[in-house]
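K.L.:
To start, I am sharing the structure in question, which I have written as C-alpha cells.
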Amino acid sequence: MKTLVTINGKSIELRFDPDETLLHTLRNHGYTEVKSGCEEGECGACLILLNGKAVNSCLIFTATLKNDNILTAAGIGTLHEPHIIQQAFVDCGAVQCGFCTPGMVIAGYALLQDNPDPSETEIRKALSGNLCRCTGYVKIVEAVQEASKRLRGEGS
Amino acid sequence: MSKTYTSIGKAEKKIDALALATGSRRFVDDFELKDCLHCKLIYSPHAFADIIKIDESPALAMDGVVDVLSYKNTPQILHTSAGQGFPEPSPYDQYLFDKVVRFAGDRVAMVVAESPAIAETAAKKVKIAYKLRKALFDPERAMDADAPKLHGKECYTPIGAAYDPQRNLAAEVDLGFGDLKEGEEAADIVIDETYKAHYGSHCAIEPHSVKTYFDDEGRLVILASTQVPFHVRRIVARVCEFPLAKIRVIKPRIGGGFGGKQEVLLEPLAALVSIRHKRPARLVLSREEVFRNSRTRHPVRVRLRSGVKKDGTITFLEMDSLLNSGAYGSHALTVLSNCGSKVLPLLNKIENMHFLGRSVYTNLPVGGAYRGYGATQGYFALNQHLDILCRRLDIDLPEYIKKHHIREGETSKIFEALGEGKTGVQQFVNSCKLDECIDICTREIGWYGKRDKKIRSGDKVRGVGLAVAMQGSGIPLVDMAAASMKMNEDGSFNLDIGATDIGTGSDTVLAQIAAEVLNVDLDAMIVLSSDTDRTPFDVGAYASSTTYISGRAVRKCAEKILEQIIGVAAEMLETSSDKLKLSHAGVKDPASGKRIGYPEICQYAMYSANQFQIQAVASEFVEESPPPFIAQAVEVEVDTVTGAVQVLKLVSAVDCGQAINPKLAEGQIEGAAVNGISYAMTEEYIFSGNGRMINSSFKNYKIPTAADLPEMKTVVVPSHEPSGPFGAKSVGEIGINCPMPAIANAIYDAVGVRLYEAPFTPEKVYRAIRKQQEVQ
C-alpha cells in the first residue's frame, strides 16, 4: 500500500504492508531515530508528533494515514542544527544510552509547545509515557526545565 | 586531591550525547542491510520436556521461509552463554539448540524467512511434539535425592569448580575462618533470619539485537548489542565452528545493558544463518522475549545467623545462600561468590565467619549478570540483619555501622579466600569515606528527628531506613583492558578502546583521562569503541571495571604518547626532554621561553625529520579491586489501612574515589537507585503453575516513569583511591544495592513489620500489618 504524508517538513510517499504499524513504516523508510522498545505503547521510544500531538507510532496503523504531518526527533533538530531541547538534554547530562532520548525529546518538545513554563510535576506527568532505565529521570526532568528556561529566553 | 585538573572532575558533556539526542547515532537495528534474512525463535511452553519430534515441513512449505534451525542441523557444542573471560567460570551446560527443554521459554528452534512477518507466521506452523518430564520449581528441594535432574553427566565446568549435575548443583562455595561454636558461646543473643531476593529483569529499553553479514572480503561481521564484543567473537567462533580470524564484532551504540547483554545469546544464531545462507541475518527480541527468554537477576535465599554481645560485638556470622540459577548455570558460580565476597568484608572485625553458597538448577528462567551481581541480594539480607541487631540492642544503626565497617588501611580475610570462581586476592582498603556517606544520609533524611518517631498523618505513618554497601572495581587477576592511541597532525588523537560503552559514558570518561594526561581539550579525542578488528582487547563492560581498569590502561597509553611528544619537542627545541614542561596542547621550554604546539610537533614527526607515527598501545591487568562505598537512606510513608508504601525521599552518598566526570557519576547512581527502588516496590516475575512467566510486558512488569519517583538527592563524596586512574574507583553497580534493604528498614520503622521478601506490594505489607495486629 502507499500513502502520502509530510515527514519533518518533506512530502514523502510511504509504502507499507496493510497490517504495518507506523513505527515499522518509519523505520523501513530510514527514520531510525524512531526506536522500537516494546511495540505495545508502554515505553515511548517510538514517540512522534502526529499532526502536532505526541503519539506512540507503534500503536498506529500506517494505513490510517493520509496527508498527515509527522515530526520525529531528527525533524526537531539535527546534529548540525540541534533544537534547544536537544542541547539541553546534552548539557544537563540527561543522555545515557540514548535509546529513549529521541522519544523523551519529543515528549518534552510537545509539552513545551503547549505549556512553555511547566512545573516539575507537569514535566514529570508529561514524560510519564516514556521509560528510561539508565538515568533515574533526574537529569531528564532538569533538561526539560532548562529547555523551558532557554526557550523563554531565561536560560544560559 | 589538591591538584588541579584540566579535565578530571569536570562535568564534561557526554561526547556522543548530541548525536543520540538528535537520533543520528545508530544502534544495531538501525543499520540497514540489503537482502537480509529475518529470524524468529520458537520457545518451549513446557517447563521440562524431551523434544520427541520437530516437523518443519509446514513452515518450510510457506513462501519466503528459508530455513528452520534446531538441534538437528546446528553444531552440538556444550558451552555457557555467560560472556566471561576464558575459560569461563560458568558450567558448560547449554547447546545452541537441545533435544531437551528446561524452562517454559527455553528455545526449541528458529525460523529464518524473507520478512519478519513471514518468520513470525511460519514459527507458529512448526509442529513440535514433547514428552513432558516432572519439573522442579523449588530451589530448596533441588538437591533432594528424588528431585528431577535437569542436566546430565556430560556437562562440566571448564575451570574445574565444584559442580554436580546429579544433585542439580550448578556451583558451590564453602569457606570460613575462626570457630563458629566459640563465637556462639561468646554471644549474648543469636539472630537467625532468612531473606529472599527475587527475580528481576534488566529492562534495557533497547531489546537484545544482532545483525550479521559477510563483508566484501568474505569476513563475517557481527553487529551486536553486547557488553562483551571480544567474548562474543571467541564464543561464536567456538560454538559455530567458524575461524575466529574471519569474525569481526562491532559494537555500535548500545541501548543499556545492566548485565543483560553480558550474555552471548543471539550472536551465534544469527551468525549461523549468515554462514549457512551467505546472506545478512537479523535477530531482534520482542519485549516479551526479553522478559521470558533472555536472562534475569538470580533469586537468592540468604540465611544469616549471627551472635552478638550486648555491646554490639558480633561474635560470629554465618551466611547460607541458596541461589536459584534457573535452567542453566550462567554466572551461577560468580554471582553466588559475590553474594559473599562483596558483602562480608564490610564487617571485617568478625573473627568467626562462614559462608556456604549453593547455586542450584530449577526449571525456571535463567539467571545471569545483573548490576550488583549477587551483592544486591547479599546486602538485602545484611542490611536488614544489622537493623534487627541494632533494634534488639537499642543501638543507633548509623553509629553502629560506622564503628564496625572496614576502614582505610584494613583488610578482610574474605578478600583472599573468595574471588570470582577461584580464591581471591589479599588487599587492603586504601580509600573509604563511608562515615561521611552515612553522615550525609542521616542529615539529608532527617534521621535523628524521624527515626522511631512514627510520624502519623491520618492512616499514614512515616519511617526512615538506612543501608550501606561496598562493591569492587573490576576482577583482580582476571580482567584485562587495553588502549591504543595515535596522534594526528592537527593535535588530535585517536583513542581506540575495547572498553565497551553501553550508555554509561565510558567513552567520555576514558577520553577525559587521556585528555588530562596530554593536557588537551576533550574534543581533541576521537574515540572508537569497540570493534574487534580495530580496537585492542578489553574484557568488556562488567564487574564495575571500566573506569578503573580500562581507565588505567588509557592513562598508561596516553603517558607513552606524551613521552614521544616530549621527545620530538626536545629534538625540535634542541634541548633535552627533562627540561621541558607541558602547556595546554603544547610543550614549553622554560629556559628559552619557547613553546611549540601539538600540531607542529606531530607535523614535524610526520613530515620533517626522523619521521615516525606518534602512537602507543598499553594494557592493564590489576591485582586489586578497590571497593567503592555507598550509604543510601529513604523515608517512606505506609498507609496502615491499604498497605500501600510510598517512598518519599531517597538519599545516596557515594565514595567512588575521584569522580572523573561528576555528572556522569551522579547519573550512574541515580539510574541504579531508581532501578533499586522499583526492584523493591513493583518488579517481580509472576509464574503460572507450569513455571511460565505471565507478566511479560511493561504493562504488567512495572518499572517506574518520571511521575512515579520520590525526591532524589545524590552526593558524590570527595575521595581519592591511590591505585585508581587520577584517584578513581568504580560507580556503575553499587547504587542498586541499598534501596531495597533501606526501604524494608524504613517500613519497619514506620509500622513495625519486617518484610523478608520484596517487592513490598500493598498486599504484602497489608498482610504483614494484619498478622502483627493478630499477634498483639
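The values are calculated or read from the model by the stated rules, or taken from the named source; none is laboratory data. As the structure is a computational prediction, the values presented were derived from the model and not from experiment. Reconstructed Cβ throughout: ideal geometry from the backbone, glycine too, with neighbour counts over all protein chains shown.
To keep it simple, each residue is scored yes or no on (1) within 28 Å of B:Y379 (Cβ to Cβ); (2) outside any strand (DSSP E or B); (3) of a type in the set (V, I, T); (4) modelled with pLDDT of 95 or more.
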site	(1), (2), (3), (4)
B:V210	no, no, yes, yes
B:I222	no, no, yes, yes
B:V232	no, yes, yes, yes
B:R238	no, yes, no, yes
B:F242	no, yes, no, yes
B:G255	yes, yes, no, yes
B:F258	yes, yes, no, yes
B:K261	yes, yes, no, yes
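K.L.:
Out of everything in segment B:706-721 that is without any contact (Cβ under 8 Å) to a residue 60 or more places away in the chain and either assigned to a strand (DSSP E or B) or surrounded by fewer than 19 Cβ atoms within 10 Å (Cβ to Cβ) (or both), what residue ends up being farthest from the other protein chains (Cβ to nearest Cβ)?
P.N.:
My answer is B:D708.
K.L.:
Looking only at segment B:435-472, which residues are among the aromatic types (F, W, Y) and out of contact with any strand residue (DSSP E or B) (no Cβ under 9 Å at 6 or more places or on another chain)?
P.N.:
Narrowing segment B:435-472 to residues among the aromatic types (F, W, Y): B:447-448.
Correct list: B:Y448 only.
K.L.:
Something else: Could you check B:G9 against (1) under 29 Å from B:M480 (Cβ atoms); (2) in the same structural domain as B:R253 (by TED's automatic domain parsing) and say which number it fails?
P.N.:
(2)
K.L.:
Tally the residues that are in contact with a Lys or Arg (Cβ under 6 Å, 6 or more places away or on another chain), more than 16 Å from A:G103 (Cβ to Cβ) and of a type in the set (D, E, K, R), restricting the search to segment B:3-28.
P.N.:
Total meeting the criteria: 1.
K.L.:
Do we have B:V731 as within 14 Å of chain A (Cβ to nearest Cβ) and in a loop (DSSP other than H, G, I, E, B) here?
P.N.:
Details: within 14 Å of chain A (Cβ to nearest Cβ): yes; in a loop (DSSP other than H, G, I, E, B): yes.
Yes; evaluated as a whole, the condition is true for this residue.
K.L.:
Wholly within segment A:98-155, which helices (runs of 4 or more DSSP H) include no fewer than the required count, namely at least 1 residues that are of a type outside the set (G, A, S), within 12 Å of chain B (Cβ to nearest Cβ) and in contact (Cβ under 8 Å) with a residue 60 or more places away in the chain? Please lay out each step first, then the result.
P.N.:
On the way: elements: A:101-114, A:120-126, A:138-151.
Passing ranges, in order: A:101-114.
K.L.:
Let me ask something else. Of the residues that sit in segment B:309-333 and are surrounded by fewer than 24 Cβ atoms within 10 Å (Cβ to Cβ) and of a type in the set (S, T, N, Q), which one is nearest to B:F355 (Cα to Cα)?
P.N.:
So, considering only residues that are surrounded by fewer than 24 Cβ atoms within 10 Å (Cβ to Cβ) and of a type in the set (S, T, N, Q), the one nearest to B:F355 (Cα to Cα) is B:T315.
K.L.:
Return the pair list, or none, for Cβ contacts closer than 8 Å from residues in segment B:310-330 that are touching a residue at least 12 places away in the same chain (Cβ under 8 Å) to residues that are crowded, with 24+ Cβ neighbours inside 10 Å and of a type in the set (D, E), at least 6 apart or on different chains.
P.N.:
B:A327/B:D106; B:Y328/B:D93; B:G329/B:D93; B:S330/B:E263
K.L.:
In addition: Could you say which residue among B:G689, B:G643, B:G676 is buried (at least 17 other Cβ atoms within 10 Å of the Cβ) and in a loop (DSSP other than H, G, I, E, B)? Don't jump to the end; show me each part of the working.
P.N.:
Working: B:G689 fails: buried (at least 17 other Cβ atoms within 10 Å of the Cβ); B:G676 fails: in a loop (DSSP other than H, G, I, E, B).
The unique qualifying residue is B:G643.
K.L.:
Please state which of the following conditions B:A19 fails to meet, knowing it meets all the rest: (1) in a loop (DSSP other than H, G, I, E, B); (2) free of Cβ contacts under 8 Å to residues at least 60 places away in the same chain; (3) not polar (S, T, N, Q).
P.N.:
(1)
K.L.:
Taking segment B:434-469, which residues are part of a strand (DSSP E or B) and crowded, with 24+ Cβ neighbours inside 10 Å? Full working, then the answer.
P.N.:
Looking only at segment B:434-469, we keep the residues that are part of a strand (DSSP E or B), and these are B:456-457, B:460-469.
Within segment B:434-469, B:G463, B:V464, B:G465, B:L466, B:A467, B:V468, B:A469 meet the criteria.
K.L.:
Do you know which of the residues in segment B:572-587 that are of a type in the set (S, T, N, Q) and outside any loop (DSSP other than H, G, I, E, B) is surrounded by the most Cβ atoms within 10 Å (Cβ to Cβ)?
P.N.:
Filtering segment B:572-587 for residues of a type in the set (S, T, N, Q) gives B:575-577, B:583.
If we keep only those that are outside any loop (DSSP other than H, G, I, E, B) too, we end up with B:577, B:583.
On the way: B:S577: 15, B:S583: 13.
Of everything passing the filter in segment B:572-587, B:S577 is surrounded by the most Cβ atoms within 10 Å (Cβ to Cβ).
K.L.:
If I ask for residues that are under 18 Å from the mean Cα position of the chain (by Cα), of a type in the set (A, V, I, L, M, F, W, C) and either within 14 Å of chain A (Cβ to nearest Cβ) or within 26 Å of B:A245 (Cβ to Cβ) (or both), which ones from segment B:177-228 would you list?
P.N.:
Step one: list which residues in segment B:177-228 are under 18 Å from the mean Cα position of the chain (by Cα), which gives B:197-208, B:224-228.
Okay, now just the ones that are also of a type in the set (A, V, I, L, M, F, W, C), so B:197, B:203-205, B:224, B:228.
Across segment B:177-228, the qualifying residues are B:C203, B:A204, B:I205, B:A224, B:V228.
K.L.:
While we're looking at this one, here's another question. Go through B:A558, B:A618, B:A569, B:A543 for me and flag whichever is under 27 Å from the mean Cα position of the chain (by Cα) and crowded, with 24+ Cβ neighbours inside 10 Å.
P.N.:
On the way: B:A558 fails: under 27 Å from the mean Cα position of the chain (by Cα); B:A618 fails: crowded, with 24+ Cβ neighbours inside 10 Å; B:A569 fails: under 27 Å from the mean Cα position of the chain (by Cα).
Every option except B:A543 fails the conditions.
K.L.:
Let me ask another. So, of the residues in segment B:298-308 that are within 18 Å of B:H354 (Cα to Cα) and under 23 Å from the mean Cα position of the chain (by Cα), which turns out to be surrounded by the fewest Cβ atoms within 10 Å (Cβ to Cβ)? Even if it seems obvious, please write down each step before you answer.
P.N.:
The first filter runs over segment B:298-308 and keeps only residues within 18 Å of B:H354 (Cα to Cα), leaving B:300-308.
Adding the requirement that they be under 23 Å from the mean Cα position of the chain (by Cα) leaves B:300-302.
Values: B:V300: 26, B:R301: 21, B:V302: 27.
Filtering segment B:298-308 for residues that are within 18 Å of B:H354 (Cα to Cα) and under 23 Å from the mean Cα position of the chain (by Cα), the one surrounded by the fewest Cβ atoms within 10 Å (Cβ to Cβ) comes out as B:R301.
K.L.:
Would you confirm whether any residue within segment B:559-580 is in contact with a His (Cβ under 7 Å, 6 or more places away or on another chain) and on the phi > 0 side of the Ramachandran plot?
P.N.:
From segment B:559-580, those in contact with a His (Cβ under 7 Å, 6 or more places away or on another chain) are none; that's our starting set.
Looking through segment B:559-580, none of the residues is in contact with a His (Cβ under 7 Å, 6 or more places away or on another chain) and on the phi > 0 side of the Ramachandran plot.
K.L.:
Go through segment B:477-505 and count every residue that is surrounded by fewer than 24 Cβ atoms within 10 Å (Cβ to Cβ) and not hydrophobic (A, V, I, L, M, F, W, C).
P.N.:
9
K.L.:
Can you tell me which residues in segment A:59-88 are within 13 Å of chain B (Cβ to nearest Cβ) and over 23 Å from B:A19 (Cα atoms)?
P.N.:
Applying the first criterion (within 13 Å of chain B (Cβ to nearest Cβ)) to segment A:59-88 yields A:59, A:71-88.
Result: A:L59, single match.
K.L.:
To continue, here is another question. Please pick out the residue among B:Y548, B:Y607 that is over 24 Å from B:S506 (Cβ atoms), aromatic (F, W, Y) and in a helix (DSSP H, G or I).
P.N.:
On the way: B:Y548 fails: over 24 Å from B:S506 (Cβ atoms).
None of the other options fit; the residue is B:Y607.
K.L.:
In segment A:42-53, which residues are buried (at least 18 other Cβ atoms within 10 Å of the Cβ) and either at the interface with chain B (Cβ under 7 Å from one of its Cβ atoms) or small (G, A, S) (or both)?
P.N.:
A:E42, A:C43, A:G44, A:A45
K.L.:
For segment B:192-208, name all the residues that are part of a strand (DSSP E or B), of a type outside the set (K, R) and in contact with a Lys or Arg (Cβ under 7 Å, 6 or more places away or on another chain).
P.N.:
Let us first name the residues in segment B:192-208 that are part of a strand (DSSP E or B), namely B:192-197, B:200.
Applying the additional criterion that residues be of a type outside the set (K, R) yields B:192-195, B:197, B:200.
If the condition is that a residue be part of a strand (DSSP E or B), of a type outside the set (K, R) and in contact with a Lys or Arg (Cβ under 7 Å, 6 or more places away or on another chain), then B:D192, B:T194, B:G200 are the ones that fit.
K.L.:
With the requirement that a residue be touching a strand residue (DSSP E or B) at 6+ places or on another chain (Cβ under 7 Å) and among the aromatic types (F, W, Y), what does segment B:515-562 give you?
P.N.:
Within segment B:515-562, B:F537, B:Y548 meet the criteria.
K.L.:
Please give the strands (runs of 3 or more DSSP E) falling wholly within segment A:1-87 in which 1 or more residues are more than 15 Å from the chain's Cα centre (by Cα).
P.N.:
A:2-7, A:10-15
K.L.:
Out of B:A17, B:A59, report the one residue that is touching a helix residue (DSSP H, G or I) at 6+ places or on another chain (Cβ under 8 Å), more than 7 Å from chain A (Cβ to nearest Cβ) and buried (at least 22 other Cβ atoms within 10 Å of the Cβ). I'd like the intermediate steps shown before the answer.
P.N.:
Numbers: B:A17 fails: more than 7 Å from chain A (Cβ to nearest Cβ).
B:A59 is the lone residue from the list that is touching a helix residue (DSSP H, G or I) at 6+ places or on another chain (Cβ under 8 Å), more than 7 Å from chain A (Cβ to nearest Cβ) and buried (at least 22 other Cβ atoms within 10 Å of the Cβ).
The rows are residues; the columns are (1) among the acidic types (D, E); (2) within 14 Å of another protein chain (Cβ to nearest Cβ); (3) over 30 Å from B:E624 (Cβ atoms); (4) part of a helix (DSSP H, G or I).
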| residue | (1), (2), (3), (4) |
| --- | --- |
| B:Y685 | no, no, yes, no |
| B:S697 | no, yes, yes, no |
| B:Y701 | no, yes, yes, no |
| B:A742 | no, no, no, yes |
| B:N745 | no, no, yes, yes |
| B:A750 | no, no, yes, yes |
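K.L.:
Run down B:L347, B:L336 and say which single residue is more than 14 Å from chain A (Cβ to nearest Cβ) and surrounded by fewer than 24 Cβ atoms within 10 Å (Cβ to Cβ).
P.N.:
Working: B:L336 fails: surrounded by fewer than 24 Cβ atoms within 10 Å (Cβ to Cβ).
Within the list B:L347, B:L336, the selection yields B:L347.
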